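Below: one structure, written as C-alpha cells.
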Amino acid sequence: VQLVESGGGLVQAGGALRLSCAASGIIFSINAMAWYRQVPGKQRELVARITRGSSTNYVDSVKGRFTISRDNAKNTVYLQMNSLKPDDTAIYYCTAGLGSPPDYWGRGTHVTVSS
C-alpha cells in the first residue's frame, strides 16, 4: 500500500492550497480516506474524512474553509484548503482505512502559512 501526498508548500494567510493523495495497492473505492495534520510536539488531529459513499466530516476549525473530495477513477483524494490561517501550519498526512487510527498513512506534506 502506498499513499503519496503532494501540493503542500508556503502560502500567505488568506491564500489557498490543494493537497492531493494518490493511492496504490488498495481497493481505493471501498476505503474511507482522511487527512490528518500534526504540528511537531502536538497531538495529531483529524482534519477531514470522506467515506466510500462520499459522506464527509470536518474538524470544527476548518469547516467552511476546507473541502475533501475523492476521484475513485484516479485513486486520488484531495483537500482543497481556502482562507488559510497561520494555525493551519502543519504536516498533512493522507490516510486510508476504517480503523481508528487508520490502517495506512502517507509520509506527509508540509503546509506553512505565513502571517
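With θ taken as phi - 60° and the Karplus curve 6.51 cos²θ - 1.76 cosθ + 1.60 applied, the whole-hertz 3J(HN,Hα) list for segment 26-39 is 10, 7, 4, 5, 9, 9, 6, 10, 8, 10, 10, 9, 8, 9 Hz, x standing for glycine and proline.
Proximity of backbone amide H atoms, modeled 1.01 Å from N, is registered between G15 and L84 at under 5 Å, excluding neighbours fewer than 5 places apart on the same chain.
Within the accessible area of segment 24-79, what % is carbon and sulfur when the probe is 1.4 Å and the other protein chains stay in place? Display every interim value, and only then the final one.
On the way: 1400 of 3030 Å².
About 46 percent, which is the carbon plus sulfur part of the accessible surface.
Derived scalar couplings between HN and Hα for segment 71-82 equal 10, 5, 5, 9, 6, 9, 10, 10, 9, 7, 10, 10 Hz in order, rounded to whole Hz, by the Karplus curve 6.51 cos²θ - 1.76 cosθ + 1.60 (θ = phi - 60°), x for Gly and Pro.
In the chain, the DSSP beta bridges split such that about 90 percent are antiparallel, to the nearest 5.
Among A73, A22, A32, which one moves the most in a GNM of the chain with springs linking Cα atoms closer than 10 Å? Of A73, A22, A32, the Gaussian network model singles out A73 as fluctuating most.
Contact order normalised by length for the chain, with contacts defined as Cα pairs under 8 Å and 6 or more residues apart; what percent is it? Here the relative contact order equals 36 percent. Note on the chain: semi-axes of the ellipsoid equivalent to its C-alpha gyration tensor, largest first and rounded to whole Å, are 22, 14, 13. Cross-link partners of K85 among lysines, defined as those whose alpha carbon lies under 27 angstrom from its own and excluding same-chain residues fewer than eight positions apart: K42, K63. Based on protein heavy atoms only, segment 57-99 ends up with 46 Å² per residue of surface accessible to a 1.4 Å probe.
The values are calculated or read from the model by the stated rules, or taken from the named source; none is laboratory data. Model, not experiment: these values are computed from the prediction. What goes into the accessible areas is simple: the full protein's heavy atoms, side chains included, and nothing from ligands, DNA or RNA. Shrake-Rupley method; radii C 1.70, N 1.55, O 1.52, S 1.80 Å.
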